[in-house]
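Undergrad: The structure is given below, and queries will be raised subsequently.
The values are calculated or read from the model by the stated rules, or taken from the named source; none is laboratory data. Predicted model only: the values in this text are computed from it and were never measured. Neighbour counts are summed over all protein chains in view; Cβ atoms, including those assigned to glycine, are modelled from backbone coordinates with ideal geometry. Only protein heavy atoms, including side chains, enter the accessible area calculation; ligands, DNA and RNA are left aside. Shrake-Rupley method; radii C 1.70, N 1.55, O 1.52, S 1.80 Å.
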Amino acid sequence: MKDNLAYAGTEDPSDTPDTDSTLALLQAEFLLDLKQGLARQRKSISPKYFYDATGSALFDQICTLPEYYPTRTELAILQKHAREIALHLGPHAEILEFGAGSMHKVRMLLDAMDRPARYIPIDISGDHLNAAALKMADAYPNLEVEPLVADYTQDVVLPPDMPPQGRRVGFFPGSTLGNFEPLDALRFMRMCARTLQGGALILGADLVKSPDLLHAAYNDAQGVTADFNRNVLVRANRELGANFQLDQFAHSAFYNAPFQRIEMHLMSTCEQVVRVGGTSFAFAQGETLHTENSYKFTVDGLRQLAQRAGFTPGQVWTDPDNKFCLFWLDAPTPRSHE
């Protein structure tokens, strides 16, 4: 699943055959994953399916809510330490952003960097990625912007046409690492270590804190997080011909302290049967579809995870209240072939 588009011209990327085939593959994967998830004893679906254009826009809205502290806290850390981080990056560095979304945070790094050479944003939501990449190309005319429509949780195949002039540095902000199960987080980090050999990874992580703060962040008063959660059902109805009744699924989010994670669910408010791809799935009243985990970390725990994945942990930047951190991780150097 690969769509390497350089926005140097005026061609509409949505018209290219590569984009059509990528979207078809992603939709087939969505159908398979949803049917498998609904067939489990404890129904679940990957949170990556939140992020079509609507879901991405809803998440952008969540990031502005008063209850949702992670985005503004991470932005404050970036604003305070961008120049210091840029010194670690060095001149002519290449930024590879996993799950790029709207590409707001990376601009703080690019503005502080010494002649950044290339920016490769990777995201599963092609429409949202393409639109954001066009804006980035306009804002940074001397920067090569090469968006990659792909599932970054799998092995990433990078554009082969240009080796980096400086360091290749991954950027994974927002504590998205917390959405992985622990073994999947380790696999992802090992993939990053292979992809970024000789470079580094800048990792954002949400730290363990008061359950009250966490509960409020995922249960906002305006109900935007609830709409975001239900968007996976909206997508299934639109893209897969499913028949989820949205008003019969309630948003549920809570902190599971023993696992140090927020859990998000969609709870069936009645006994019902849902059809997806020609298959029927029964929901009991009160039964849930588990849509997301968001694990919270300690600095020591992150350091151990990074070392197991092959990184050498470096500097940590955090806020005064230790709500959030950015971690510099040096990737292993490529092995020489003698």
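Undergrad: State the number of residues belonging to the range 45-70 that are within 13 Å of the chain's Cα centre (by Cα) and either among the hydrophobic types (A, V, I, L, M, F, W, C) or in a helix (DSSP H, G or I) (or both).
TA: Going through the range 45-70 one residue at a time, the tally reaches 8.
Undergrad: What are the pairs, 6+ residues apart or on separate chains, where a residue within the range 213-240 that is more than 14 Å from Met264 (Cβ to Cβ) and without any contact (Cβ under 8 Å) to a residue 12 or more places away in the chain has its Cβ under 8 Å from a residue that is of a type outside the set (S, T, N, Q) and open to solvent by less than 50 Å² (accessible area, probe 1.4 Å)?
TA: Hits for this filter: Asn237/Phe244.
Undergrad: Here's a follow-up. Which residue pairs have Cβ atoms under 8 Å apart, sit 6 or more places apart or on different chains, and have a first residue in the range 277-289 that is without any contact (Cβ under 8 Å) to a residue 12 or more places away in the chain and a second that is acidic (Asp, Glu) and open to solvent by 40 Å² or more (accessible area, probe 1.4 Å)?
TA: Ala282/Glu271
Undergrad: When you scan the range 46-84, how many residues do you find that are touching a strand residue (DSSP E or B) at 6+ places or on another chain (Cβ under 6 Å) and more than 18 Å from Tyr218 (Cα to Cα)?
TA: So the answer is 2.
For every residue, the table says whether it meets (1) at positive phi; (2) at pLDDT below 95; (3) crowded, with 20+ Cβ neighbours inside 10 Å; (4) not aromatic (Phe, Trp, Tyr).
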position	(1), (2), (3), (4)
Phe254	no, no, no, no
Phe281	no, no, no, no
His290	no, no, no, yes
Ser294	no, no, yes, yes
Val299	no, no, no, yes
Gln307	no, no, no, yes
Trp317	no, no, no, no
Phe327	no, no, yes, no
Ala331	no, no, yes, yes
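Undergrad: When both residues are 6+ apart or on different chains and their Cβ atoms are under 6 Å apart, which pairs have a first residue that lies in the range 56-71 and is small (Gly, Ala, Ser), and a second that is crowded, with 19+ Cβ neighbours inside 10 Å and not in a loop (DSSP other than H, G, I, E, B)?
TA: Ser56/His128
Undergrad: Quick one: Tyr119 ticks every box in (1) touching a residue at least 60 places away in the same chain (Cβ under 8 Å); (2) crowded, with 21+ Cβ neighbours inside 10 Å except a single one, so which number is it?
TA: Result: Tyr119 passes all but (1).
Undergrad: If you don't mind, another one. Considering each of Arg275, Arg235 in turn, give the residue that is modelled with pLDDT of 95 or more, open to solvent by 20 Å² or more (accessible area, probe 1.4 Å), of a type in the set (Lys, Arg) and in a strand (DSSP E or B).
TA: Being modelled with pLDDT of 95 or more, open to solvent by 20 Å² or more (accessible area, probe 1.4 Å), of a type in the set (Lys, Arg) and in a strand (DSSP E or B) holds for just one of Arg275, Arg235, which is Arg275.
Undergrad: Which numbered condition trips up Glu29, out of (1) open to solvent by 30 Å² or more (accessible area, probe 1.4 Å); (2) at pLDDT 95 or above; (3) farther than 15 Å from Arg168 by Cβ?
TA: Answer for Glu29: the failing condition is (2).
Every residue, every condition in (1) of a type in the set (Lys, Arg); (2) touching a helix residue (DSSP H, G or I) at 6+ places or on another chain (Cβ under 6 Å); (3) within 30 Å of Gly278 (Cα to Cα); (4) open to solvent by less than 50 Å² (accessible area, probe 1.4 Å), yes or no:
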| residue | (1), (2), (3), (4) |
| --- | --- |
| Ala216 | no, no, no, yes |
| Phe228 | no, yes, yes, yes |
| Leu240 | no, yes, yes, yes |
| Asn243 | no, no, yes, no |
| Asp247 | no, no, yes, no |
| Pro258 | no, no, no, no |
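Undergrad: Give the residues of the range 110-128 that are part of a helix (DSSP H, G or I) and modelled with pLDDT of 95 or more, sorted by residue number.
TA: Selection gives Leu110, Asp111, Ala112.
Undergrad: Moving on. Given the condition at pLDDT below 95 and open to solvent by less than 10 Å² (accessible area, probe 1.4 Å), answer yes or no: does some residue in the range 154-169 qualify?
TA: Yes: the range 154-169 contains one or more residues that are at pLDDT below 95 and open to solvent by less than 10 Å² (accessible area, probe 1.4 Å).
Undergrad: Regarding Leu305, is this residue touching a residue at least 24 places away in the same chain (Cβ under 8 Å) and either in a helix (DSSP H, G or I) or out of contact with any helix residue (DSSP H, G or I) (no Cβ under 6 Å at 6 or more places or on another chain) (or both)?
TA: yes
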